[in-house]
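Asks: Have a look at this one before I ask anything.
Every read-out reported here was derived from the displayed coordinates using simple, explicitly stated rules and does not represent laboratory data. Note that the structure is predicted; figures quoted are calculated from it, not measured. Neighbour counts are summed over all protein chains in view; Cβ atoms, including those assigned to glycine, are modelled from backbone coordinates with ideal geometry.
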């Protein structure tokens, strides 16, 4: 987490939302007892078993839509650090291994998980 905050704080890195991000992370840190100055991720997690291609697709779309729901971008593929552009057939900033086999349920046997 420190690396991400340091990157945002470094004025040599282009970031139009620098102040907004740092204020948001500081606000979140005040809501917990870790005494951290910045909190980027949610404090708790709820692991989900990715047991079918349908569930994997659902979670991938959910993750891609997070920056849209947060009002950061208008479309998922516009978020620079997302794999959404890669899945749209566009080049992204990050190297991504696409999960090609999740787009259909052919050959999948539901084991009842």
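Asks: Could you list 65, 19 so that the one with the fewest beta carbons within 10 Å of its beta carbon is first and the one with the most is last? Working shown, then result.
Replies: Details: 65 15, 19 10.
Ordered by Cβ neighbours within 10 Å, fewest first: 19, 65.
Asks: Can you sort 62, 79 from fewest to most other Cβ atoms within 10 Å of each residue's own Cβ?
Replies: In order of increasing Cβ crowding within 10 Å: 62, 79.
Asks: Still on this structure, please answer the following. Rounded to the nearest 0.05, what FRET efficiency is calculated for residue 48 and residue 100 with R0 set to 25 Å and r the Cβ-Cβ distance?
Replies: On the way: r = 21 Å, r/R0 = 0.85.
Using R0 = 25 Å, I get an efficiency of 0.70.
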